[in-house]
1. Assess whether A:A140 counts as being in contact with a Pro (Cβ under 7 Å, 6 or more places away or on another chain) and facing chain B (nearest Cβ under 7 Å).
2. Pick out the one residue from B:I142, B:I117 that is over 20 Å from B:V249 (Cβ atoms), of a type in the set (V, I, T) and in a helix (DSSP H, G or I).
3. Any idea which residue in the stretch A:179-229 is nearest to the other protein chains (Cβ to nearest Cβ), counting only those that are under 27 Å from A:M112 (Cα atoms) and not in a helix (DSSP H, G or I)?
4. Within the stretch A:100-137, can you find the residues that are in a loop (DSSP other than H, G, I, E, B), within 7 Å of chain B (Cβ to nearest Cβ) and of a type in the set (D, E, K, R)?
5. Filter the stretch B:102-128 down to residues that are over 18 Å from the mean Cα position of the chain (by Cα) and closer than 14 Å to B:F190 by Cβ, then give me how many there are.
6. Collect the residues in the stretch B:209-248 that are of a type in the set (D, E, K, R) and more than 18 Å from B:P112 (Cα to Cα), keeping them in residue-number order.
7. Looking at the stretch A:78-106, which of the residues that are among the hydroxyl-bearing types (S, T, Y) and more than 20 Å from A:A193 (Cβ to Cβ) is modelled with the highest pLDDT?
8. Being facing chain A (nearest Cβ under 8 Å), out of contact with any Lys or Arg (no Cβ under 9 Å at 6 or more places or on another chain) and part of a helix (DSSP H, G or I): is that true of B:L291 here?
Amino acid sequence: MSNKKSSLRPRYLKLHAVLVFAFLFAPIIVLVVFSFNQAKSGTDWTGFSTRWYTALKNNDAALQAFRNTLKVAFIATFISTVIGTLAAFALTRFKFRGRSGYSTLIFISLVMPEIVMAVALTAFFRRGIHVELSLWTVIAAHITFCIAFVVVVVKARLTAFDNRLIEAAADLGATPLQGFLRIVLPLAAPGIAAGAMLAFVISLDDVVITTFTSGPGSTTLPLYIFGQLRFGVSPSINALSTIVLVLALFLLTIGGAYSVRASRRGLGAIDATTLG
Amino acid sequence: MSVAEVESPPTPEPETVEPPKGRRRLPDWAAGNLLLLPTSLWFVLLLIIPTILIVGYSLGHRGVIVPIRFSWGSLVWSNYHTALNPDFLPIFWRSIWYAVVATIACVLIGFPLAYWIARFGGRFRNLYLVLVIIPFLTSYLIRMYAWQFILQREGLLNTVLGAIGLGGNHVFLNTNFAVILGLTYGFLPFMVLPLYASIERMDPALVEASYDLGHGKVSTLFRVIIPTVAPGLIAGVLLVFIPAVGDFVTPELLGGVRTQMIGNTIYDQFNSGNNWPLGSAMSVLLMAFILVGVFIYLSRVGDDAL
């Protein structure tokens, strides 16, 4: 790298990088800034105001949608993380027939376009098993698309995992359950946390599949925003979007901090085990 | 995956006296399938059966009272003929060319960025990566809405252009440009992240060796760097192209009737159009198109590349 003939001169690359970051963040920043605009419409700046935020406090539909979103995201994340983690363990720790077929199935669920999964699920719920669409059908649908993300992320973590640690634990008299709880789980924790966070964020954001699986009263926040957009751009949507952005950033920070800490702890565990 | 296969099985065969009898380890296939059971059941019930249902519906008739009349006795191919007739075929082509252009744009924008972060990012490398990941994890809907806010007729772009004397009454929304811009913006992080992973693993000495052997910059780029990072490039291309071709939100917010993509058309068939068999046939065609891409990918990179 110290070679003065480095492949592409970093000066142009750096300029390019600055421009791309500006491109990535400018629209988001514009949105946030204009959520504090006094004016009812348009992009004329008429003064700073938090009126659109205070107005949201009395917007029952938005508040209800917000509660629904959190409920769906929490339940779907929890269930998909638990069963997805079990699947990831199975796929990395045991050898059996059909394993690669299973990986293909997970890959298919990852590449299936949202709209296709959406119509398949709505057909299944409404005509296949004839259930009323509700918050529970939304949750079931979200679990379906979250599982694959959890499996992939946890699997990546477990693949880098040294199986000899478990053998060592067994040699030292640990039962399989003890080995699992005291060795495997702590080491896999950062991967599980990352998978859960990804599932949560994806669930929080989903529009298409939720549209097709939600019934009356089970509108989520993205659906509410999407519905409002049909009436055009409005500052209260800017304010609502800003709140969602801040919430997501907040979660990312917590998740990031946790996974950094957990991976340090994980490394500590490896040291302790190898030494002890 | 590979590690698990190479590594010796977790149970060492010198089974010492310690494990109490009666607690026999399950064989691998039993333990594996037991752990997979919840996910398997879930996938069978909510992924495989619904998909089969859609394939079946695509061969059914349109109903008058119920959205679909279907019986195994009378399967018809007419929905596929309709899906590929001159009313709808252009929508498929449009979806594909939008996704192709957006993917190319993502490569052109994303490759230099990934290269710079990986090779010249220095100690702020992780910070730059986080800057790529933040948009990737913020709401896609809201990011598209932000562009709608900027591109609309009374939007920020027209205001700015008007202020600097370039005319403030341009039409940006409902154009090919707006939808492709949205797709590029939305999926750019999917390109940068796998490319970064590949470039970061590349040995910088390869580039220097190439120079020492008399290759120029262009030749080094195409004959050394790009072949070396090909797995990341292929992953990035698929990660952008696949969601872009079936996207619904972008054309819905930034496009109009003339820029409809296949995702919007399927949506309409299940809502206002109320033609489930046709919508199902389109879904099957879209899925089949994507699976072909996936299997080409799997055959080239192997299924460990998940």
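1. Details: in contact with a Pro (Cβ under 7 Å, 6 or more places away or on another chain): no; facing chain B (nearest Cβ under 7 Å): yes.
Considered against the rule, which asks whether it is in contact with a Pro (Cβ under 7 Å, 6 or more places away or on another chain) and facing chain B (nearest Cβ under 7 Å), A:A140 comes out as no.
2. B:I117
3. This residue is A:V207.
4. First pass over the stretch A:100-137, keeping only residues in a loop (DSSP other than H, G, I, E, B): A:112-113, A:129-134.
Now drop any that are not within 7 Å of chain B (Cβ to nearest Cβ), which leaves A:112-113.
Correct list: empty.
5. Pass one, the stretch B:102-128, residues over 18 Å from the mean Cα position of the chain (by Cα): B:112-128.
Filter again for closer than 14 Å to B:F190 by Cβ, leaving B:113-114.
Final tally of qualifying residues: 2.
6. Filtering the stretch B:209-248 down to residues of a type in the set (D, E, K, R) leaves B:212, B:217, B:223, B:247.
Residues satisfying the conditions are B:D212, B:D247.
7. Keep residues of the stretch A:78-106 that are among the hydroxyl-bearing types (S, T, Y), which gives A:80-81, A:85, A:92, A:100, A:102-104.
Applying the additional criterion that residues be more than 20 Å from A:A193 (Cβ to Cβ) yields A:100, A:102-104.
On the way: A:S100: 78, A:Y102: 84, A:S103: 80, A:T104: 78.
The qualifying residue modelled with the highest pLDDT is A:Y102.
8. yes
The values are calculated or read from the model by the stated rules, or taken from the named source; none is laboratory data. If you're wondering where the values come from, they're calculated on a predicted model, not measured in any experiment. Please note: Cβ atoms are built from the backbone with ideal geometry, for glycine as well, and neighbour counts cover all protein chains shown.
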